[in-house]
Each structure stands twice: as structure tokens, then as C-alpha cells.
Amino acid sequence: MPNKGYLVDTSKCIGCRGCVVACKQWNQLPAERTSFKGTYQTVPDLTANNYTIVTFHEYEEDGQIKWYFTKRQCMHCLDPVCLKVCPQKAISKTDTGAVVRDREKCVGCQYCAAACPFHVPRYDKVNDKETKCSLCPERTAEGELPACVKACITGALQYGDRDQLLAIANKRVSELKAEYPNANVYGDKQAGGTNIIYVLADKPEKYGFEEDPKVSIAITAWQDIIQPYFPWLIALTGAVSVFSFFSTRLLGVGKEKAHEGEGIHG
Amino acid sequence: MKVTRREFLKISGAAVAALPVLGFDLKPAMAEARGFRIKNIKPVPSICPYCGCGCGLVVYAADGKVLSTEGDPDNPINQGSTCAKGASVYQLHDNPRRMPKPLYRAPYSDHWEEKDWDWVFNEIAKRIKKTRDETFITKEKVTTKDETGADKEIEITVNRTDAIATLGGAALERMLSLF
């Protein structure tokens, strides 16, 4: 199965937050109390009850107000770090490349939150679980669109094969270049590539994204080199004990004879 | 069962030897136990009650409980999409903060009292009729231009009341959605 994800074309986003509420509706997440902070962005950050949010970024440049909207949620990395660090193996990839959690297995240790290069997973204190967007695998498996994509009014969200989305994104960026010289595609190579592709009309920092999110080298070394070979230490220990069982028995025969000899002399 | 030291070592040795054969399968099992709760449930079309667009919604319900409300993909107005308000229609039905019964506060009263729907509907109808009859305007004078471009006052039929605010909701315009 090809990798599937969706395209977030921020140049088409009008910041209506339909995706946010549709996500809450489908995932049956309760409302949260928020306060006015001088911005139109109602939900300040991702929370355990908000798997996705729309962020509003306001800038004044050359006497002109620029207002950028973008959607934030799990990026569904091609090579997810959260999957690697999860001690319970509660995070896995579906056959379409969505990174999903197993709620039963999750113990709420928050390792995934600490490792995520995009700072996405959030801790749910009530249920002691880590939460994040799952790209609606139960919907996509039945041929339905993810809840947020279905709700999008302007067509800023498009669900499809990653390769096709990348082609659409590149085409869109070349169209935008005339008016927005800094337009770029985000998610094609960040953190090893993600299934969620963004078309940004300006530099990633202006949308609150990191230009090049990095995965800690300590995590990579531990998870890719040390840990995979750790189980074999158990097997090795077992093999050594088997060896020592036979070797001590064979050597033990000689020792018994030696003891017998000692007895005679003593 | 009595296990001598030698037998114990034999058994554990065999178990360790068997482990790599059985497999150290640390591959994560397929996850996300949540199901597709609207499977095989017939969507019932409805109209969003909020703004004047009159977007189509579909309601998935079973056993008297709403499971999900989504945009109606067959509706030409919104083609499956919903804004934040339309997407929130679910909580019109399932919401602990909603009043389960109509509450009525009489003029100059300091408390709310529970009333049944029949009483409320009759009361609303009665008062609307009274206000309408008292303030109904059949004709109104408006200023317009005559052939030469000069202002001219004419009288036209309007048949309306200015005393009741217009309820411009999409629920009133559902005819538009039934193409």
C-alpha cells in the first residue's frame, strides 16, 4: 500500500476551524475552557482533548498586515521516532503509513512526547495515556475521508497518496512564488519526511514550524543500535549457561575424582 | 513434581534454545482499538441550523442516539464540508449543558419556571400574533427618482412588521437545499 496522508495548503486556509471541531466530534473529545489572549486563535496549543488546532500568526511587514493560518497535528512521519522510543510498543504504523497508538498498551510514560521532533503528543491526565492524531485509520479503512479533511470548506486539506500530494504541493508552490517568494513545501524531507505535506506561503518559522526539526542523536543511537541487539544478550546468556552446564559436568567428573583422592590422603 | 538441579538446567537450557526459534518478534501489533462506529448505519440528511448558507448535514443515529453528524457530500451547497459551527451540531443533541425542558421567566419575575412545550408554543404564537397585529404595516412611503431624475415619493405595499426581528436561519430556507 502506498503511503497516504493529506496536504495542508495554507494559502487556501481561511482559519474557520471546521477541521478542529470535526476532529473533536469524530473522536468524541470534550470541550476545554479557553481565555482570550489577544489573538483569534481560540485554542492556544495542542492538548489531550485537541488532536488538531488551527494556529494564527500575525505579522506587520512594510506597513502591511500578513495573517497566516495553518493546521497543527501529528505529522505522521515516514520514520516515526515515537514508534522507536515507545517501551510498550504501543505505537505502530498502519499499512497506509499512519502512525497510530494502541490505547490499551499505552502506559502514559510520555517518552513519545519527549522524543517527537514536532512536539505533538500530549499527556491525558484523566486516563493516564498519551494522545495524538491518528489520521482516522478507522475511517480511511472504510473508504471515508479523515474527519478534518472531510470538513474542510476551501479544499485546503486534500487526502491522497503521498507522491501525488507532493506533486500537487510542488505545483502549487511554483504558482505561489510570483506573489509569495518564500513559498515552500514543508514535510517532504523534514524529520525524514512526513505523510502530512504543507504548502507554506512563507518561511516555516512564520507558521510556528521549525525549519529543520531534529531527532536527538542519543535517541537514534540507543534505539537503532543498542536496543535492537539487547534481546540477543538474553539468548547469549542462555547459550552460555547451556555451555557452562555441559562444561561443568565434564569438568566436574575430573573434580570428583580429585576429591576422592583428597579423601584418601586426608 | 520434584526437579533436580540437573533437570532444571536441562529444561531452562531447552527453553533458552527454543526462544530464537519461536521468535523475538518485537514488531508492534496492529493498534488503534477504536472502531468505525457509523458502519452500516444509514445517514439521514438534515440541514445545518446556524447561518443562512443552509449547508447539508447527515446524521448517523442508532437506537435513539446520535453517533456522528457530518457534512452531506451529496448536498450541492457544501459538498460534504462543514465549518466549525456546522461540525459542532453533534453537541446540540448530546450535551449535558442544554436545558432538557423549556424554562420561562415571567415579566418582572426573578426566577425561572419549567413549562411544557405545548404551553410554550401557544404562548409564543399568541404573543407574536399580538405584536404583529399591533404593528403591522401594509403600505410605506419610499423615495425614488422620476423620469427627469428628480426625487419622487411613492407609496408601495410592504406587508411587514418592524417589531419582530427576522429569524434568518437556514432552517427556514431548507427549500433551497432540496434540489
(Q) Testing A:Gly38 on (1) without any contact (Cβ under 8 Å) to a residue 40 or more places away in the chain; (2) at negative phi, one condition comes back false. Which one is that? (A) (2)
Q.
I'd like the residue in region B:95-118 that is charged (D, E, K, R) and part of a loop (DSSP other than H, G, I, E, B) and, out of all such residues, is nearest to A:Pro30 (Cα to Cα).
A. B:Arg97
Q. Does any residue in region A:131-145 that is facing chain B (nearest Cβ under 9 Å) and crowded, with 20+ Cβ neighbours inside 10 Å come within less than 6 Å, Cβ to Cβ, of a residue that is β-branched (Val, Ile, Thr) and not in a helix (DSSP H, G or I) six or more places away or on a different chain, and which pairs are these?
A. A:Ser134/A:Val100; A:Pro137/A:Thr94; A:Pro137/A:Val100
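State whether one or more residues within region A:59-70 are among the aliphatic types (A, V, I, L, M) and either part of a loop (DSSP other than H, G, I, E, B) or closer than 27 Å to A:Glu144 by Cβ (or both).
Within region A:59-70 (the criterion being among the aliphatic types (A, V, I, L, M) and either part of a loop (DSSP other than H, G, I, E, B) or closer than 27 Å to A:Glu144 by Cβ (or both)), the answer is no, since none of the residues qualifies.
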Q.
Taking the condition of being touching a strand residue (DSSP E or B) at 6+ places or on another chain (Cβ under 7 Å), surrounded by fewer than 17 Cβ atoms within 10 Å (Cβ to Cβ) and closer than 20 Å to A:Phe69 by Cα, how many residues in region A:177-205 meet it?
A. 1
(Q) If a residue must be within 15 Å of the chain's Cα centre (by Cα) and among the small types (Gly, Ala, Ser), how many such residues does region A:128-153 contain? (A) 1
Q) When you go through (1) more than 14 Å from chain B (Cβ to nearest Cβ); (2) surrounded by fewer than 19 Cβ atoms within 10 Å (Cβ to Cβ); (3) outside any strand (DSSP E or B) one by one for A:Gly155, which number turns out not to apply? A) (1)
Q: Among residues belonging to region A:15-46 that are within 9 Å of chain B (Cβ to nearest Cβ) and hydrophobic (A, V, I, L, M, F, W, C), point out the one that is farthest from A:Tyr123 (Cα to Cα).
A: A:Cys16
Q: Look through A:Val54, A:Val21 and report the one residue that is of a type in the set (A, V, I, L, M) and either within 17 Å of A:Lys132 (Cβ to Cβ) or assigned to a loop (DSSP other than H, G, I, E, B) (or both).
A: A:Val54
Q: Please go through region A:160-176 and pick out each residue that is surrounded by fewer than 20 Cβ atoms within 10 Å (Cβ to Cβ) and under 22 Å from the mean Cα position of the chain (by Cα).
A: A:Gly160, A:Asp161, A:Asp163, A:Gln164, A:Leu166
Q) Can you name the condition, by its number, that A:Leu233 falls short on among (1) surrounded by fewer than 12 Cβ atoms within 10 Å (Cβ to Cβ); (2) in a loop (DSSP other than H, G, I, E, B)? A) (2)
(Q) Can you report the number of residues in region B:68-89 which are touching a residue at least 24 places away in the same chain (Cβ under 8 Å) and surrounded by fewer than 16 Cβ atoms within 10 Å (Cβ to Cβ)? (A) 2
Q) What do you reckon, is B:Cys55 within 12 Å of chain A (Cβ to nearest Cβ) and in contact (Cβ under 8 Å) with a residue 40 or more places away in the chain? A) yes
Q | Flag if A:Thr39 is in contact with a Ser or Thr (Cβ under 7 Å, 6 or more places away or on another chain) and assigned to a loop (DSSP other than H, G, I, E, B) | A | no
**Q.** Members of region A:206-219 found to be at pLDDT below 85 and exposed (fewer than 13 other Cβ atoms within 10 Å of the Cβ), listed by number
**A.** A:Lys214, A:Ile217, A:Ala218
(Q) Can you pull out every residue in region A:29-55 that is farther than 14 Å from A:Arg72 by Cα and either at pLDDT 90 or above or in contact with a strand residue (DSSP E or B) (Cβ under 8 Å, 6 or more places away or on another chain) (or both)? (A) A:Leu29, A:Glu32, A:Thr39, A:Tyr40
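Of everything in region A:56-70, what is within 20 Å of A:Ile196 (Cβ to Cβ), in contact with a helix residue (DSSP H, G or I) (Cβ under 7 Å, 6 or more places away or on another chain) and either surrounded by fewer than 24 Cβ atoms within 10 Å (Cβ to Cβ) or modelled with pLDDT of 95 or more (or both)? Give them in sequence order.
Scanning region A:56-70 gives A:His57, A:Tyr68.
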Q) What number of residues in region A:72-81 are touching a helix residue (DSSP H, G or I) at 6+ places or on another chain (Cβ under 8 Å) and either within 11 Å of another protein chain (Cβ to nearest Cβ) or assigned to a strand (DSSP E or B) (or both)? A) 1
Q | Search result, residues across region A:87-105 that are in a loop (DSSP other than H, G, I, E, B) and either among the charged types (D, E, K, R) or more than 8 Å from every other protein chain (Cβ to nearest Cβ) (or both) | A | A:Pro87, A:Gln88, A:Lys89, A:Asp95, A:Thr96, A:Gly97, A:Ala98, A:Asp102, A:Arg103, A:Glu104, A:Lys105
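Of all residues in region B:77-115, count the ones that are away from chain A (no Cβ under 14 Å) and not hydroxyl-bearing (Ser, Thr, Tyr).
Taking region B:77-115 first, the residues away from chain A (no Cβ under 14 Å) are B:99-115.
If we keep only those that are not hydroxyl-bearing (Ser, Thr, Tyr) as well, we get B:99-103, B:105-107, B:110-115.
Counting residues in region B:77-115 that are away from chain A (no Cβ under 14 Å) and not hydroxyl-bearing (Ser, Thr, Tyr) gives 14.
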**Q.** Matching residues, region A:203-245, being within 30 Å of A:Tyr186 (Cα to Cα) and within 14 Å of chain B (Cβ to nearest Cβ)
**A.** A:Gln223, A:Asp224
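The values are calculated or read from the model by the stated rules, or taken from the named source; none is laboratory data. This is a predicted model, so every value here is computed, not measured. Positions of Cβ are backbone-derived with ideal geometry, glycine not excepted, and every protein chain shown enters the neighbour counts.
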